[in-house]
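Undergrad: One structure, as structure tokens, below. Some questions next.
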Amino acid sequence: MSNIFLRVGKKVRLYRKARKLTQEELGERLQIDYSYLGRIERGEVNITIETLNKIANALNIAPSQLLEDDKHDSKDKSKTAILEKIDTTLLSLSSKELEVLHRLIKDALVLKEI
């Protein structure tokens, strides 16, 4: 299958796991069989824009997040992997927790400059 199918599938899996959902749970929300969701995640099927939108809504993300291309130089691959781990961790936090974390990061960056 096409590279875009693989990329979208990997993103679906990333965000599903970040939301701590099983394939069965997300499949129920989407009203599709979990085995079909597995095929989506493996990049084995060409989904419609409508299905992409339903998946994004079920995961509380913008559809564009499933289509983003993570092309980076090989130097940036480790940075990208770390950022994906951070992104996955942050998705499970509430807005209030994110605000606190943002303040902490800003404070840490200010200290770095000193």
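The values are calculated or read from the model by the stated rules, or taken from the named source; none is laboratory data. Remember, it's a predicted structure, so these values are computed and weren't measured experimentally. Cβ atoms come from the backbone with ideal geometry, glycine included; neighbour counts cover every protein chain shown. Please note that ligands, DNA and RNA were not included when accessible areas were found on the heavy atoms of the full protein model with its side chains. Shrake-Rupley method; radii C 1.70, N 1.55, O 1.52, S 1.80 Å.
Undergrad: Measure nothing but the geometry: give the 0 to 90° angle between the long axis through the Cα atoms of 49-58 and the longest principal axis through the Cα atoms of the chain, rounded to 10°.
TA: In the chain, helix 49-58 runs at an angle near 50 degrees to the longest axis.
Undergrad: I would also like to ask the following. Carbon and sulfur atoms: what percent of the 1.4 Å accessible area of segment 1-113 do they account for?
TA: Numbers: 4390 of 8080 Å².
Taking all protein chains in place, segment 1-113 shows 54 percent carbon and sulfur surface.
Undergrad: Something else: Can you give me the angle between helix 95-113 and the longest principal axis of the chain, using Cα atoms only, in degrees from 0 to 90, rounded to the nearest 10?
TA: 40 degrees
Undergrad: Given a 1.4 angstrom probe, what's the average accessible area per residue across the chain, in square angstrom?
TA: 72 Å²
Undergrad: Using only the Cα atoms of the chain, what are the Rg and Dmax in Å?
TA: Computed over the Cα atoms of the chain, radius of gyration and Dmax are 16.4, 55 Å.
Undergrad: List the relative contact order of the chain as a percent without decimals, with contacts defined as Cα pairs under 8 Å and 6+ residues apart.
TA: Across the chain, relative contact order equals 29 percent.
Undergrad: List the GluC sites (Glu not before Pro) within segment 20-69 that fall in a DSSP loop (any state other than H, G, I, E or B) and whose Cβ has at most 13 other Cβ atoms within 10 Å.
TA: Those that pass, being in a loop and sparsely packed, are E44, E68.
Undergrad: Additional query: Taking the Cα centre of the chain as the origin and placing charges on Cβ (Lys, Arg +1; Asp, Glu -1), which of L37, L26, Y15 is farthest toward the positive end of the dipole?
TA: Positive-end residue among those listed: Y15.
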